[in-house]
Structures are given as C-alpha cells and as structure tokens.
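Remarks on the structure that follows.
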C-alpha cells in the first residue's frame, strides 16, 4: 500500500514539475503596415525546444495568418518576425497556443495601422538615369520637424541613410541621392512616432528630351503618346488590361490616383509580379524592360469595401485595352466568343422557333 502511495505521489510531483514551465512573449501594441512585426519571448523550457508562434487576424473571429516555429536559444529566449507588407489594417494577435502555465503571457494584441497617406511625393516616380535620385514632397504630420530617410538600391543594399532630414513649415522635403544604375529604389520614411511607409522610385535608361525651335518647313518631331484605358474594379471583380509594347524600349504603366490600387502583372518573361507601393495620393508605377509580346495587368483596390473605376496609362506602347475575359496568366482558360457568333445564335434560335410554329399551324389547318 505504501508503495502505491509513493508511486502516486511521484507521478503528482512529475506532473507538477512539467506544468511549471513558463512562457512570456512581447510584441508592440501598435505597428505600421509594412514594418516587420517582431515577437520576442523568454521561457523556462529547455534549449532547442520548438515553440509555435501564430499570427491571427481578429475581425469577428480569429483567422490564422501565419505560423512560425521558433527554437529556444541558450539564453532561454526565442524570436520570430512576421511580414506585414500586404496585410490590411486592423486588430491582430500573436500567440503561443501551447504555452506555459502560471503567470505565463502567451498572447499579445497588435493594432496594425496605415500611415502611408502621410507621404506625398511630388518628384517623378519614374526618373531618367542621371547622377541623382530626386526625392521631393512632404510628410503631412511632420511640419518644422524632420524625418529619417533610408534608400535601398536595386541590389537590396542601403545606398543612403539612415539620414535625418529637416522638414519645413509645410512638412516639405528635398533630397538628392547619388546613384549610378537603373532599377527600382525603395525609399522609406520614419519619424518620432515610428515607421511611416515607403515609396518605390524607378530609374530607367535613356536620354531626356530637349525641346528645340524648328522652322515651319521642317518635319515636326513626334513623341510617344501616353495611352490609357478604363475599367471598373473591385476585389471580387478586378479590371484586366492588355498592353502591347512598342518594342523599342521599356514600357511604363501607371494607375490613376485617389484609390490605393494593387497591380498584378506579367513581365517580359511571362512571370507574375504584385505591386502595391503607393497610397491613394500617388499612382502605382510599373516599368517592364525589353517586352515585345503583350503584357497583362490585373488591377483592384487594396480595400475590400471599394468598387471604383481605374484608369491605366501606358507609355511607349502601341495599344492598351480592357480585356473582355480573364487572361490565362490570371487563371482564365478561354478566349471570348466572337461578335458574329454571339449575334447569330439568338437569330438561329428565333428562326427555328418560327419554323416549328408554322409547321404546327399547317398540320392543324389540314386536320380541320
């Protein structure tokens, strides 16, 4: 009997010891979209223990966004990072589902906000290669203050900053960053309140056009025409466009403003890309180099509640049009029915119906 009691007591202490493990996680209360969500933790679990850390979106119910496995380090800490670039604003939570007991803290709420509309750039989003990258505009909330600017080059290396730049009485900024190559440059802005957002500026090759006077007898100089097409778009029913490149250099495609648009497109190799670098006040800009075959674009608003008309502009293109069907690149599987086929079908149906009615009338009259 004593052996049984001792055995039961042994199991009790074993379970008590196992349940005494503790886990504590830490995350920011508020975070700006695009800023990495860093979750740090400490625990009494052993070194190398795997710990699940889950990011949930909280609307009416919790929806799992991503799950990452972290491993306890030698100092009894662990760390995971979640990318928030394309996440909608709102309330989220990070949690260790099977955490410790006692006074453990295994869940933190994070409010994801969007500050990108505080950035208004007046410099061109597509610039011709020179020795400087121009960054002009204003940060609407940072008047007579300053912002920290970082520029990341096409090779993902930091070419400028972090550099603190003063703003004027209107929040204006004017920065020229030395550059030496074409490509996409990411410009990010941070102030005393934290990360604001980023913008992508594309640098393309070529020479700037210089206008000169010519006599009336000379042939006028022709310049490429900026083409455009319009389509109604929402999250459920995006607008699709087909752009035919001119075939003599990069094609620049941009959206209208006033709505935060997301652009998916195929490049010169047929690969799909997604762009959502701007807010409502600036257009999304895509530069495709060396394309000769048609390019396909899918455009829809970032916010699920919106439905609006988007204008897509194309520079250095032979044509741009709204696609009547979903292109194969975005999951479509057939071409639209030709106009002659769609016109003939109803007429054939009507003709057949008339013939049947006349035959029935003829039989009825003969029987009488």
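Read-outs: derived from the displayed coordinates by stated rules, not from any lab. Bear in mind that the values here come from a model prediction, so they are computed numbers and not experimental data. For neighbour counting, all protein chains shown are included, and Cβ atoms are generated from backbone atoms with ideal geometry for every residue, glycine included.
For a quick protection proxy, order the peptides 64-76, 172-184 by their average other-Cβ count within 10 Å, most packed first.
Most protected by this proxy first, the peptides run 172-184, 64-76.
Order 39-46, 264-271 from most to least packed using the mean count of other Cβ atoms within 10 Å.
Per-residue Cβ counts within 10 Å, averaged per peptide and sorted highest first, yield 39-46, 264-271.
Separation between the residue 267 and residue 47 pseudo-spin-labels, each 7 Å from Cα along Cα→Cβ, expressed in nm?
Going by the 7 Å Cα→Cβ label model, 4.3 nm.
So between residue 170 and residue 311, what do we pick up on full extension, going 0.36 nm a residue minus the alpha carbon distance? Show your work: numbers first, answer last.
Values: separation 141, 0.36 × 141 = 50.76 nm, distance 3.02 nm.
Result for the pair: 47.7 nm of gain on full extension.
What is the distance, in nm, between label points placed 7 Å from the Cα along the Cα-to-Cβ direction at residue 163 and at residue 326?
Between residue 163 and residue 326, the simple spin-label model gives 4.6 nm.
Under the 0.36 nm per residue contour assumption, what length would be gained going from the current alpha-carbon distance of residue 93 and residue 319 to full extension? Don't skip to the answer; put the middle values down first.
On the way: separation 226, 0.36 × 226 = 81.36 nm, distance 4.68 nm.
My answer for the length gained is 76.7 nm.
Evaluate E = 1/(1 + (r/R0)^6) for residue 232 and residue 105, where r is the Cβ-Cβ distance and R0 equals 35 Å; express this FRET efficiency to the nearest 0.05. Don't skip to the end; give the middle numbers.
Working: r = 48 Å, r/R0 = 1.36.
Using R0 = 35 Å, I get an efficiency of 0.15.
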